[in-house]
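Beneath this line is the structure, given in structure tokens, with notes to follow.
The values are calculated or read from the model by the stated rules, or taken from the named source; none is laboratory data. Small disclaimer: the values here were computed from a predicted structure and weren't measured. Cβ placement follows ideal geometry from the backbone for every residue including glycine, while neighbour counts extend to all protein chains displayed. Heads up: the accessible areas ignore ligands, DNA and RNA and are worked out on the full protein's heavy atoms, side chains in. Shrake-Rupley method; radii C 1.70, N 1.55, O 1.52, S 1.80 Å.
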Amino acid sequence: MRERASRRLGAALVAFAVLLMASGLALAYAWVNWTVGRYGVTEATTLERAHANKLVIHLPDHGAEPWNAPMEEMMYVAYGDVPPVMREAILTSEDAWFFYHPGFNPIALGKALISQFGGDGRGGSTITQQLAKQLYVGSRHAMTRKFDELAIALWLEWHFDKKTLLELYFNTPFMGHGTKGIEAAARHYFGYSFKKAGRWQPVAFTPEMAASLAVTIKNPTGGNPTEPLNMARARRLLLAMGIEPKVLSEKAVRDPGLPRRFAAAAFEESGRLSDQFSSARNLAAFEVSARLGAEPRTLDVVTYYSSEIQLYLEKAIATYYPRIEAAGYDRLTAVVVDNANGGIRAIVAPPNARIYPGSTVKPFAALCAIVDHGWTEGTKMLDTPVGVPPVRNFDRHYLGSIALETALMRSRNPPFVRLVGSFGADCPNGILARMNSPLRLSGPTARSLALGAEPVSLKDLLGAYVTIATCGRVANAPMMVEEARDALTQKVVMRQTAKGLPAADARLTNGFDMLHAMLAKVTGPGGTANGSRFVREVAAKTGTSDNNRQITLITFTGAYTVLVSAGASDPAKLKRRYSSSALVPLVKNLNSNIHPEDYRGALGCPVSTEVAHAERDEN
């Protein structure tokens, strides 16, 4: 009897233990989901934040002085591009058990919690916990922060494999001197790129560099490769990895001048990533300040800006702009917009930039004729003298009766002056309103309005082109800020995402489609942007304002819309008056670099059969 009772008791205890364990797991699961819900953790958000540059904005101070806003520039690097010695250095320095633990190390976690009471909040977080902190929780000093990090770390481990987590980690830590992630840091400190491995580079990557970058993560400000402290710590890490240091010998690391030789690239006066970020930073501060006002707060800001695309833009400018600048065009404006989300990926322009658009406004006049008056690409227009004095073309010739398509392709002036004179300013401006665009064309006469003689907002003009390029799927471009979070609570207080036109509009979409086909011919033989094609399907429009004081070229593909404009602050000092075709080499080079080598995106705007039938039935 006693044996049976003992067995029953044992079974009951086992069942109770199993039930207790199951209840504990259920509670832990619920706690994790509750925590990630508070922080808005998703797979997509995790990837977005890991890929983004970071900017810290203090309002209202940085609204007025954006150049003082701290920034972290990054260039994303894939796991496979990071050499094994770099991976090993980071794992040895930060989390040797990374591939074996479930997201937390109980011993290290205990030390971290105890450290909170001693005023040292660092502790021994795992790589996954550090990711949770960097991407979501932030650095506030509170005991609950460690529990939030733990919950989000567990969620990350459940949703991403270890290699992906490590890849994200390579790209998220602040690395000092305005850099984020190991790729940006390697470029800044050593002039080396993991992304260009296998190609010629001015330096070869060494274990010493790997160790130097790895130990920077713990102390990015006072212990980065420009500091003597980094040298000693990197040496100790190499020894722990079983590698005998060559450059970082025991004697060498005691030399205070070693960092200047070891990280020579960081001491150069030009070529830094942070030097390219000023336009993007200023625009981000402007957008945040305009949306959130002057209430004092500190914000972690994520932008759409891409350091890599910005560098391609800067390289194209450095190569092709000097001859244009030498002619007297001393004001360059350039923007690259991602057509997938309306985000600005690269920019050289002040926040409130205005330009003389010239003939880049002609597509809006053509669109109103197509949508509101039933024109087609073959509708005839007169390219003959009109007005007093007569409106001229850039080539001083007239072509007589030509099709709308030819008038756009060759940017003829008299046909569009006649079009605007006939339909009035309300026609193109009505179309712009239908596109939800704030852009409005103005001018005292049909001539000045049709030829873009009055300055317009750069953002408004570019946004209207993005709406056309995306067939109305993105109607609120361009945007610099993706999201802004309160630095203390990490609550999202501002988020900007792509928004399309509110309702299906078959006529407008059909007009966009027709414009795509006509503007694609601008980049071919006889077009004013001939030579712009780096792939088959590229659309473009050129614009040269009165007396060539400003020249502009806008191109778009399925992937990007690019605007480049050069203006003369004093037209009287122009040594040579260029047409906008002078910008073709710069823009073509830029497009070739920012699009994938195998890019095959198509132009055109398919119109839903149902929508088209519905509109016909209404009439």
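Just to verify a result, which residue in the stretch 359-377, among those that are open to solvent by less than 40 Å² (accessible area, probe 1.4 Å) and of a type in the set (Gly, Ala, Ser), is farthest from residue 455 (Cα to Cα)? If you could, list the steps in order and put the result at the bottom.
Step one: filter the stretch 359-377 for residues open to solvent by less than 40 Å² (accessible area, probe 1.4 Å), giving 359-371.
Checking which are of a type in the set (Gly, Ala, Ser) leaves us with 359, 365-366, 369.
Details: 359: 12, 365: 17, 366: 20, 369: 23 Å.
Among residues in the stretch 359-377 that are open to solvent by less than 40 Å² (accessible area, probe 1.4 Å) and of a type in the set (Gly, Ala, Ser), the one farthest from residue 455 (Cα to Cα) is 369.
Pairs under 6 Å by beta carbon, first residue within 27 Å of residue 396 (Cβ to Cβ) in the stretch 579-596, partner in a helix (DSSP H, G or I) and open to solvent by 20 Å² or more (accessible area, probe 1.4 Å), six or more apart or different chains?
Every condition considered, the pairs that remain are 585/320; 586/320.
Can you give me the ranges of the helices (runs of 4 or more DSSP H) entirely in the stretch 196-311 with at least 3 residues that are open to solvent by 40 Å² or more (accessible area, probe 1.4 Å)? Lay out the reasoning, then the answer.
Numbers: elements: 207-216, 228-240, 258-262, 278-292.
Filter on the stretch 196-311 gives 228-240, 278-292.
Here is a yes/no grid of residues against (1) open to solvent by less than 70 Å² (accessible area, probe 1.4 Å); (2) in contact with a Phe, Trp or Tyr (Cβ under 7 Å, 6 or more places away or on another chain); (3) of a type in the set (S, T, N, Q):
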residue	(1), (2), (3)
335	yes, no, no
351	yes, yes, no
357	yes, no, no
434	no, no, no
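Taking the stretch 522-563, which residues are in a strand (DSSP E or B) and free of Cβ contacts under 8 Å to residues at least 60 places away in the same chain? First the steps, then the outcome.
We begin by selecting, within the stretch 522-563, every residue in a strand (DSSP E or B); these are 539-544, 550-556, 560-563.
Once the filter is applied, which keeps residues that are in a strand (DSSP E or B) and free of Cβ contacts under 8 Å to residues at least 60 places away in the same chain, the stretch 522-563 yields 540, 553, 555.
Go through the residues of the stretch 322-330 one by one and say whether even a single one is under 12 Å from residue 564 (Cα atoms) and touching a residue at least 40 places away in the same chain (Cβ under 8 Å). If you could, list the steps in order and put the result at the bottom.
Going through the stretch 322-330, the residues under 12 Å from residue 564 (Cα atoms) turn out to be none.
The answer is no, given that none of the residues of the stretch 322-330 is under 12 Å from residue 564 (Cα atoms) and touching a residue at least 40 places away in the same chain (Cβ under 8 Å).
Just give me the residues in the stretch 132-188 being open to solvent by less than 20 Å² (accessible area, probe 1.4 Å), farther than 12 Å from residue 50 by Cβ and among the basic types (Lys, Arg), in sequence order.
145, 146
How do the pairs read when you match residues in the stretch 133-162 that are assigned by the TED database to the domain that holds residue 44 and among the hydrophobic types (A, V, I, L, M, F, W, C) with residues anywhere that are open to solvent by 70 Å² or more (accessible area, probe 1.4 Å) and not in a loop (DSSP other than H, G, I, E, B), using Cβ under 7 Å and keeping only pairs 6 or more apart or on different chains?
151/31
Could you list all residues from the stretch 529-556 that are among the polar types (S, T, N, Q) and buried (at least 24 other Cβ atoms within 10 Å of the Cβ)? Reasoning before the result, please.
Applying the first criterion (among the polar types (S, T, N, Q)) to the stretch 529-556 yields 530, 532, 542, 544-545, 547-548, 550, 552, 555.
Matches in the stretch 529-556: 532, 542, 544, 545, 550, 552, 555.
Note down all Cβ pairs under 6 Å where the first residue falls in the stretch 207-219 and is free of Cβ contacts under 8 Å to residues at least 60 places away in the same chain, the second is basic (Lys, Arg) and in a helix (DSSP H, G or I), and they're at least six residues apart or on different chains.
Short answer, once both residue conditions are applied: none.
For the stretch 1-107, which fully contained helices (runs of 4 or more DSSP H) count at least 1 residues that are at pLDDT 85 or above and over 31 Å from the mean Cα position of the chain (by Cα)? First the steps, then the outcome.
Details: elements: 2-39, 43-51, 61-64, 84-94.
Those helices (runs of 4 or more DSSP H) span 2-39, 84-94.
Go through the stretch 337-349 residue by residue and tally those that are buried (at least 24 other Cβ atoms within 10 Å of the Cβ) and either outside the structural domain of residue 583 (by the TED database) or of a type in the set (Val, Ile, Thr) (or both).
The total comes to 3.
Does the stretch 456-491 hold any residues that are touching a strand residue (DSSP E or B) at 6+ places or on another chain (Cβ under 7 Å) and under 22 Å from residue 277 (Cβ atoms), and which are they?
458, 462, 477, 478, 479, 480, 481, 482, 483, 484, 485, 487 - these are the residues of the stretch 456-491 that are touching a strand residue (DSSP E or B) at 6+ places or on another chain (Cβ under 7 Å) and under 22 Å from residue 277 (Cβ atoms).
Could you list, in sequence order, all residues of the stretch 219-259 that are among the basic types (Lys, Arg) and modelled with pLDDT under 95? Reasoning before the result, please.
Going through the stretch 219-259, the residues among the basic types (Lys, Arg) turn out to be 233, 235-236, 246, 251, 254.
Once the filter is applied, which keeps residues that are among the basic types (Lys, Arg) and modelled with pLDDT under 95, the stretch 219-259 yields 246, 251, 254.
Can you name the residue in the stretch 403-417 that is surrounded by 21 or more Cβ atoms within 10 Å (Cβ to Cβ) and touching a helix residue (DSSP H, G or I) at 6+ places or on another chain (Cβ under 7 Å) and, of all such residues, is nearest to residue 445 (Cα to Cα)?
417
Test each condition in (1) on the phi > 0 side of the Ramachandran plot; (2) open to solvent by less than 20 Å² (accessible area, probe 1.4 Å) for residue 526 and report the one that comes out false.
Against the list (1) on the phi > 0 side of the Ramachandran plot; (2) open to solvent by less than 20 Å² (accessible area, probe 1.4 Å), residue 526 comes up short only on (2).
Okay, residues lined up against (1) in the same structural domain as residue 565 (by the TED database); (2) touching a residue at least 60 places away in the same chain (Cβ under 8 Å); (3) open to solvent by 30 Å² or more (accessible area, probe 1.4 Å); (4) in contact with a Cys (Cβ under 6 Å, 6 or more places away or on another chain):
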| residue | (1), (2), (3), (4) |
| --- | --- |
| 445 | yes, no, yes, no |
| 453 | yes, yes, no, no |
| 464 | yes, yes, no, no |
| 474 | yes, yes, no, no |
| 486 | yes, yes, yes, no |
| 501 | yes, yes, yes, no |
| 504 | yes, yes, yes, no |
| 510 | yes, yes, yes, no |
| 513 | yes, yes, yes, yes |
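Kindly establish whether residue 313 is modelled with pLDDT of 95 or more and out of contact with any Phe, Trp or Tyr (no Cβ under 7 Å at 6 or more places or on another chain). Before the answer, list the steps.
Details: modelled with pLDDT of 95 or more: yes; out of contact with any Phe, Trp or Tyr (no Cβ under 7 Å at 6 or more places or on another chain): yes.
Answer is yes for this residue.
All but one of (1) within 25 Å of residue 57 (Cβ to Cβ); (2) outside any strand (DSSP E or B); (3) open to solvent by 40 Å² or more (accessible area, probe 1.4 Å); (4) touching a residue at least 24 places away in the same chain (Cβ under 8 Å) hold for residue 319; which doesn't?
Residue 319 satisfies every listed condition except (1).
Here's the yes/no breakdown for (1) in the same structural domain as residue 218 (by the TED database); (2) touching a residue at least 24 places away in the same chain (Cβ under 8 Å); (3) closer than 20 Å to residue 130 by Cβ:
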residue	(1), (2), (3)
32	yes, yes, yes
71	yes, yes, no
84	yes, no, no
92	yes, yes, yes
103	yes, yes, yes
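Considering only the stretch 541-556, state which residues are within 22 Å of the chain's Cα centre (by Cα) and hydrophobic (A, V, I, L, M, F, W, C). Walk me through how you get there before you give the answer.
Step one: list which residues in the stretch 541-556 are within 22 Å of the chain's Cα centre (by Cα), which gives 553-556.
Those that are within 22 Å of the chain's Cα centre (by Cα) and hydrophobic (A, V, I, L, M, F, W, C): 553, 554, 556.
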